[in-house]
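J.: I'd like to ask some things about the structure below.
FYI, it's all coordinate maths here, none of it is from the lab. Note that the structure is a prediction, hence the values are computed from the model and not measured. All Cβ positions, even for glycine, are placed from backbone atoms using ideal geometry, and neighbour counts span all protein chains on display.
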Amino acid sequence: MSTRANSMRTLINTESIAIRTRQLAEEISRDYEGRVPVLVGLLKGSVYFLSDLIRYMSCEHEVDFISISSYGSSTESSGIVRMLKDLERDVSGRDLIIVEDIIDSGISLDYICRNLASRNIRSLRICTLLDKRDRREREVDVHYVGFIIPNEFVVGFGLDFAERFRHLSEIAVMESEDLENISE
């Protein structure tokens, strides 16, 4: 099995991801100095970014996870969000930071924000590695953004296509011929 599809091209290299992740961690650490936020990773894609982010953070924090589904094996969101795994702790009165790999339509994130806000939390912020603003269908208030990217289908650093290519250490663009060949 090839590690990359034939015509993938690098959009963001490994070094740039590391530099920007460290900058975001420093910013979050300054903003939450003296507090203990709960970083809420969205499974499965955010695990790579979240792992690097917390290694660079200097403030105390806790980590928990939520898993949702809105894509399946498609490249387009179905628009229907299903909660597959909820938080394991009570977060009432806590500062939460949702950590996401990519914000695309905003539909899933809007659902999660409304769900978490209903739990009597102290504050809620969003940190994303990638922001695909041109695709936004629901507005979400994003506080920490790694990179704004164009409307292209990307994989790597946790992002997948039908559970493939998460392992890439860079963000790569999948061209339409690759998507078609892999889908067959």
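J.: Take the alpha carbon atoms of region 32-146, find their radius of gyration, then divide it by 2.2 N^0.38 Å using N residues; give the quotient.
T.: 1.01
J.: Output the peptides 113-124, 83-94, 162-173 sorted from most to least packed, where packing is the average of other Cβ atoms within 10 Å over each peptide's residues.
T.: Put in order of decreasing packing, that is 162-173, 113-124, 83-94.
J.: Diagonalise the Cα gyration tensor of region 113-178 and give the resulting equivalent ellipsoid semi-axes, square root of 5 times each eigenvalue, largest first, whole Å.
T.: Rounded to whole Å, the semi-axes are 27, 14, 11.
J.: Kindly work out what percent of the DSSP beta bridges joining two residues of the chain are antiparallel, to the nearest 5.
T.: Around 30 percent of the beta bridges assigned by DSSP in the chain are antiparallel ones.
J.: Net charge within 9 Å of L129 by Cβ-Cβ distance, Lys/Arg positive one each and Asp/Glu negative one each, not counting L129 itself?
T.: -2
J.: Could you derive backbone 3J(HN,Hα) for region 147-164 from the dihedral phi with the Karplus parameters 6.51, -1.76 and 1.60 (θ = phi - 60°), listing whole Hz in sequence and x where the residue is Gly or Pro?
T.: 9, 8, 10, x, 7, 10, 7, 10, 9, x, 6, x, 7, 10, 10, 6, 6, 10
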